[in-house]
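Report on the following structure.
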Amino acid sequence: MKAQVFRGVNQLSYEEIPVPTLEPDAVLVQVRVVGLCQSDIKKIRYPLYEPPRIFGHETAGIIADVGSEVRGWEVGQRVAVMHHIPCMRCAYCLNENYSMCDVYKNISTTAGFNASGGGFAEYVKVPGHIVQNGGLIPIPDDISFEEASFVEPTNCCLKAVKKAQIAPGQTVLVTGAGPIGLMFVMLVKYFGGKAIATDLLPSRIEKALNVGAEAAFDARDPDLTAKIHAITGGMGVDVTLLAVPSEKAFFSALDSTRKGGKILFFAEFPDELEIPINPNILYRREIDLMGSYSSSYRLQSLSADIVFNRRIDVEALISDRYPLQNLSAAVDQAIAPTAETYKILIYP
C-alpha cells in the first residue's frame, strides 16, 4: 500500500509499504479520507518524534478485514476511527482526565512503524483495545466520509466547551477563526451562547459571521477591547477560547474577559514561550485559567450525534482536498494559508 512516511523534520516520503498484519482482535480499515490537523503539522515540522512514523488521525473509511476474534464488526462497514481510547481504570481516568492516561497516550491506530495514528496511508490497523472499547463508530448511510472525519476534532472542541462550562446566554470570545475557531463558533451557538470571533484575515472574519458569530473583529483593532465591552454591557465576555498560540491574543483575552470569567488555552504554544503575568490580576478579578488537550471519551457519543445529525455544518469548514501523494503541498498550504484556507482533507 501507499503511505506518507515521516522520515525526519519536514521530510515526508511517499512510499510503498506492507499492509499492516492483523492480530486476532484487530481490525483493518481502508482509509477513505483523513483530516489534516494542526497537531499533525506540528509533528512533521518539529523534532518531537523519532522517525519513521505515519501520522494522521481524523480518519474515516471502510472495514477491509477483521481479526478472527473480532465480533460485531464486518468487512464493508463504514466507520469513523478514534485513534485513542483510555483504560478507564487508572487514577486519571477515574477523575475523567482521559487524555492523561498512559494507555490513551501509548496505544494508537497504526499503518506501520511506531503507532502514531496512521491515517496518512491507504490502510490503517485499529488495535484490539480500541476496537473493543468504542473506538470504531458506525457512519450512518446518509453521512459522507468527509463529514464523518470531523467526529474526532468535534470531540476535541466539545471537550473545551464543556470544560469551560459554556452555558446558554453566555458570550464567548474565540481568538482565531481558522477551522478550529470556526468550529468553536458553531458549537457556542449550538449550546445557546453568543460567539465573538477575532482573526487577522478579513475573509476569516467574514466566514466567522457566516457560520454564526454575533460579531467578528480584526484582532489588531486598537479598539477591540472597547468594542467587546460595548457588546457585553461593559462587563466583558464570560469565556475566552484561545484557538491561536499568540501571546498578544492571551493579553487581549485578559482585557476582554469579565471578572469571574474563564480563559481556556486550546492551541498549543511553543515550548520556549513564557507569558509574564501579575498573579494579582487573576486573584482580584477571579479569572480562571485552564487548558484543554485532545478528546474526551465521555463525549464521544455526543460528538458523533452532533456531526451525524448535522447539528453543526462541518462541510462549511472544508476548503481544500489533496490526494495523499501531495500531502507535503497540503502541509505547506496549512502553514501559509490563503485567504480562503480552512479545513484541508487528504484522500489516499
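Read the figures in this text as sums done on the coordinates, not as results from a lab. As the structure is a computational prediction, the values presented were derived from the model and not from experiment. Virtual Cβ from ideal backbone geometry, glycine too; neighbours counted across all protein chains shown.
Take the alpha-carbon positions of the stretch 69-123, form their convex hull, and give its projected area averaged over all directions (one quarter of the hull surface) in nm². List each step's numbers first, then the result.
On the way: hull surface 20.7 nm².
Hull-based average projected area comes out at 5.2 nm².
Quickly estimate the mean residue ellipticity at 222 nm for the chain, helices only: each DSSP H run with n ≥ 4 gives -39500 (n - 2.57), and the total goes over all residues, rounded to 500.
-8000 deg cm²/dmol
What lysines could a cross-link reach from Lys125, if we take a straight Cα to Cα line under 22 Å and drop same-chain neighbours fewer than 8 places away?
Lys2, Lys43, Lys105
In nanometres, what is the gap between the two model label sites at Tyr347 and Glu69, each 7 Å from Cα along Cα-to-Cβ?
3.8 nm
Name the long-range amide H neighbours of Thr240: under 5 Å, sequence gap of 5 or more, or other chain; modelled H, no Pro or chain starts.
Amide H to amide H, under 5 Å and 5 or more residues apart or across chains, Thr240 pairs with Leu173, Lys262, Ile263, Leu264.
Calculate, in whole percent, how much of the Cα-Cα pair population of the stretch 117-177 lies beyond 20 Å. Before the final figure, lay out the partial values.
Details: 890 of 1830 pairs.
Tail of P(r) above 20 Å: 49 percent of Cα pairs.
Give the Rg (one decimal place) followed by the Dmax (whole number) of the stretch 1-149, computed from C-alpha coordinates and expressed in Å.
15.0, 43
So what is the orientation-averaged projected area of the stretch 125-243, using the convex hull of its C-alpha atoms, in nm²? Write down the numbers at each step before the final one.
Details: hull surface 36.6 nm².
Mean projected area of the Cα convex hull: 9.2 nm².
List every residue whose amide H lies under 5 Å from the amide H of Cys87, counting only residues 5 or more places away in sequence or on a different chain, with H placed 1.01 Å from N in the peptide plane.
Result for Cys87 returns Val103, Tyr104.
Tell me the Kirkwood radius of the stretch 202-348: reciprocal of the mean inverse pair distance over distinct alpha-carbon atoms, in Å. If you can, show how the numbers build up before the last one.
Values: mean 1/r = 0.0555 Å⁻¹.
That comes to 18.0 Å for the stretch 202-348.
Can you list residues from other chains, or at least 5 along the same chain, whose modelled amide H is less than 5 Å from the amide H of Glu58?
Hits under the 5 Å cutoff: Gly35.
Order the peptides 22-30, 64-72 from the highest to the lowest mean number of other Cβ atoms within 10 Å of their residues.
Top to bottom by mean Cβ count within 10 Å: 22-30, 64-72.
Provide the gained length on full extension for the span Ala167 to Ser203, in nm with one decimal, where the gain is 0.36 nm per separating residue minus the Cα-Cα distance. Present the calculation step by step, with values, prior to reporting the outcome.
Values: separation 36, 0.36 × 36 = 12.96 nm, distance 2.84 nm.
My answer for the length gained is 10.1 nm.
Output wanted: per-residue J couplings in Hz (rounded whole) for the stretch 100-115, from phi through Karplus 6.51 cos²θ - 1.76 cosθ + 1.60, θ = phi - 60°, x for Gly and Pro.
8, 5, 4, 5, 4, 6, 9, 10, 9, 5, 8, 10, x, 6, 6, 4
Identify all lysines with a Cα-Cα distance to Lys189 below 17 Å; exclude those on the same chain that are fewer than 8 residues away in sequence.
Output for Lys189: Lys159, Lys162, Lys163, Lys207.
Separation between the Leu289 and Glu23 pseudo-spin-labels, each 7 Å from Cα along Cα→Cβ, expressed in nm?
4.1 nm
Compute the normalised compactness of the chain: alpha-carbon radius of gyration over 2.2 N^0.38 Å, N being the residue count. Write down the numbers at each step before the final one.
On the way: Rg = 20.3 Å, N = 348, 2.2 N^0.38 = 20.3 Å.
After normalising by residue count via 2.2 N^0.38 Å, the value is 1.00.
Taking the Cα atoms of the stretch 85-159 alone, what are Rg (to one decimal) and Dmax (as a whole number) in Å?
13.6, 40
At q = 0.23, 0.27 Å⁻¹, what log₁₀ I(q)/I(0) does a Debye calculation on the Cα points of the stretch 267-348 give, no solvent, two decimals?
-1.11, -1.20
So what J values fall out for the stretch 278-295 if you push phi through Karplus, 6.51 cos²θ - 1.76 cosθ + 1.60 with θ = phi - 60°, rounded to Hz, Gly and Pro as x?
6, x, 5, 4, 5, 5, 6, 9, 6, 8, 8, 9, 8, x, 9, 10, 6, 9
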